[in-house]
Amino acid sequence: MEVNFWYGLLNSLAPMNLLYCFLGAILGTIVGVLPGLGPTATMAMLLPITYYLDPTGSIIMLAGIFYGAMYGGSVTSILLNVPGEASSVLTAVDGYQMTKQGRAGEALAISAIGSFIAGTAAIVVLQLLAPPLADFGLRFGPPEYVALMLFCFTTLIAVSGKRMSKGILMALVGMFIACIGLDPMSGRQRMTFGSVNLMRGLDVVPVLMGLFGVSEVIASAGEGLLTIYKGSRGKLIPRGEEMKKGLWASLRGTVIGIVFGILPGMMPSVISFIAYDAEQKISKNPEKFGKGAIEGVASVEASNNAAAEAGLIPLLSLGIPTNAACALLFAAFMMYGLQPGPMLFTQHGEMAWTVIASMYVGNVILVILNLPLVGIWARMATIPYRYLGPITLAICFIGAFSVRNTMFDVWTMVLFGVLGLIMKKYQWPAAPLILGFILGAQLERNFRASMQMSAGSPAIFFTRPITVVFLVLTVVVLLFSLRTKVSAFIKASAVDE
């Protein structure tokens with residue numbers, strides 16, 4: 001295997017393959033900056049460009065587009081509070097606060113560095129441990145996913161702010177909204193009121209762009225904001241203690257992203273909530289999260305990049321695409337008559353190892369490409385808001401429309417923009433609503449499938465080892481979190497007295 005990898009690395013450094021990797025990374029970053037165009041949409045848009053390349057060059061360019069788009073999505077989240085995809089929601093929470101404090105450069109830099117660490121580590125795991133890890137992922141059935149979803153809901157405590165009851169209620173609202181459309185099991189209409197558009201359900205991108213981006217622009221305009229930040233740009237790269245905290249958070253986020261990213265159906269957006277929650281729990285100053293904690297940005301960016309690339313493990317080793325972006329890569333392989341799976345390394349070993357090695361090269365290209373751009377991106381925060389606000393709104397409208405090419409999504413974004421403005425005024429957290437929206441559909445589908453498997457008996461959740469482990473973890477984490485909340489409340493009461 002080692003000889004094959006070094007051969008693949010030399011092949012990936014061939015001038016044309018290097019060019020394809022560079023072009024993929026830069027195109028992915030540029031297009032990925034636009035809200036609404038996450039990695040999957042970016043790859044789909046740019047897929048025709050690769051038709052004219054040889055199979056190896058095509059896959060290398062698509063892989064470059066993949067991780068370029070992952071980084072590009074963090075730029076507008078940090079600078080404008082406009083997450084272009086669900087996995088960037090929590091990047092916006094602390095990243096935008098850092099921008100308002102004149103620390104946009106630090107946030108963008110740690111995002112690039114964390115993405116590099118996560119991407120490189122995920123590829124190392126892909127190279128060394130792909131088959132056994134992929135086999136572990138295959139052991140997950142509907143009951144295991146129900147327990148896993150319940151475990152994911154424990155992150156509500158971290159993103160609910162001071163009032164946990166508000167966070168729980170907003171998560172329930174998100175789950176309710178996720179029910180709009182067609183029943184996933186029977187295909188019956190639910191809460192569609194005869195609307196064809198509602199039959200398709202609500203897409204997460206217009207919802208989150210409305211809750212975060214549109215509401216932020218309207219609120220800032222109402223407050224008469226002149227610029228997001230007025231003053232010097234500050235440090236462009238974190239140093240000292242801030243760099244240390246960012247690097248450790250990136251490493252922890254990387255581990256979480258890889259562990260959960262190998263599971264089919266576990267989206268980077270959900271994994272980013274788990275990483276953020278874990279980071280807040282181990283922090284000595286959890287109250288800083290949501291107010292510009294560099295660890296919040298680092299852990300989220302590292303986890304969603306690691307998760308996205310960890311999805312390549314079951315794709316290449318077993319031929320199973322675990323998310324939409326991997327499904328596009330799978331389609332690209334099949335387009336050239338290549339079947340991902342165990343035989344890929346036997347029948348097309350040269351190409352397979354060249355693609356894997358090119359991912360190392362691509363991550364290096366990405367960090368070299370984006371770190372020098374940090375200063376240029378950071379200048380956006382000093383643009384007068386009378387110009388930046390309308391530009392941000394225009395980007396949001398374009399992004400919402402581009403998801404499904406329908407004005408219905410634009411009006412959905414506007415509606416949730418108004419809702420987000422009301423929530424800001426009365427201090428209701430938006431992140432739990434997004435978490436409930438994302439997890440609600442998965443939880444319902446897997447719970448109902450589990451009930452069908454067991455003929456309606458709930459005992460199925462207590463007789464499968466992996467399910468029991470996650471249920472126990474859920475209880476332990478909840479007890480620990482509640483204990484921490486109670487302790488913080490008691491301390492705050494003592495200080496007030």
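The values are calculated or read from the model by the stated rules, or taken from the named source; none is laboratory data. Being a predicted model, the structure only gives us computed values, none of them experimental. Here the Cβ positions follow ideal geometry from the backbone for every residue, glycine too, while neighbour counts run over all protein chains shown. The accessibility values were calculated without ligands, DNA or RNA, using every heavy atom of the protein model including side chains. Shrake-Rupley method; radii C 1.70, N 1.55, O 1.52, S 1.80 Å.
Remarks
- Residue in segment 382-394 that is part of a helix (DSSP H, G or I) and among the aromatic types (Phe, Trp, Tyr) present: yes
- Residues being open to solvent by less than 10 Å² (accessible area, probe 1.4 Å) and either at pLDDT below 75 or under 15 Å from the mean Cα position of the chain (by Cα) (or both) - total across segment 48-75: 10
- Of all residues in segment 345-356, those satisfying the criterion of being open to solvent by less than 30 Å² (accessible area, probe 1.4 Å) and out of contact with any Phe, Trp or Tyr (no Cβ under 6 Å at 6 or more places or on another chain) are Gly349, Met351, Thr354, Val355, Ile356.
- Any chance Ala221 is small (Gly, Ala, Ser) and modelled with pLDDT of 85 or more: no
- Residue satisfying all of: in segment 176-188; in a loop (DSSP other than H, G, I, E, B) and over 17 Å from Phe408 (Cβ atoms); most open to solvent (accessible area, probe 1.4 Å) among these: Arg188
- Those helices (runs of 4 or more DSSP H) of segment 189-296 in which at least 3 residues are over 29 Å from Trp411 (Cα atoms), considering only elements entirely within it, cover 240-261, 268-282.
- Ala331 being open to solvent by 10 Å² or more (accessible area, probe 1.4 Å), in a helix (DSSP H, G or I) and either in contact with a His (Cβ under 8 Å, 6 or more places away or on another chain) or of a type in the set (Gly, Ala, Ser) (or both): yes
- Condition check for Met45: open to solvent by 30 Å² or more (accessible area, probe 1.4 Å) and either modelled with pLDDT under 75 or more than 28 Å from Lys244 (Cβ to Cβ) (or both): yes
Let's see how each residue does on (1) of a type in the set (Asp, Glu); (2) touching a Pro at 6+ places or on another chain (Cβ under 9 Å); (3) free of Cβ contacts under 8 Å to residues at least 12 places away in the same chain; (4) over 30 Å from Leu338 (Cβ atoms):
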| position | (1), (2), (3), (4) |
| --- | --- |
| Glu350 | yes, no, no, no |
| Thr382 | no, no, no, yes |
| Leu393 | no, no, no, yes |
| Asp409 | yes, yes, no, yes |
| Lys424 | no, no, no, yes |
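- Odd one out for Thr29 among (1) polar (S, T, N, Q); (2) more than 24 Å from Leu13 (Cβ to Cβ); (3) at pLDDT 75 or above: (2)
- Remark: Ala109 matches the filter, which requires a residue to be within 16 Å of Ala293 (Cβ to Cβ), part of a helix (DSSP H, G or I) and at pLDDT 85 or above.
- Among the residues of segment 194-225, the one identified as free of Cβ contacts under 8 Å to residues at least 40 places away in the same chain, open to solvent by less than 60 Å² (accessible area, probe 1.4 Å) and of a type in the set (A, V, I, L, M) is Leu198.
This table checks each residue for (1) at pLDDT 80 or above; (2) more than 27 Å from Ala25 (Cβ to Cβ).
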| site | (1), (2) |
| --- | --- |
| Asn323 | no, no |
| Leu328 | no, no |
| Leu338 | no, no |
| Ile365 | yes, no |
| Ala381 | no, no |
| Trp428 | yes, yes |
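- Number of the condition not met by Ala306 [criteria: (1) under 30 Å from Ala249 (Cβ atoms); (2) at pLDDT 75 or above; (3) not in a helix (DSSP H, G or I)]: (3)
- Qualifying residue in segment 416-436 (condition: out of contact with any Gly (no Cβ under 7 Å at 6 or more places or on another chain), surrounded by 15 or more Cβ atoms within 10 Å (Cβ to Cβ), more than 22 Å from Thr392 (Cβ to Cβ) and among the aliphatic types (A, V, I, L, M)): no
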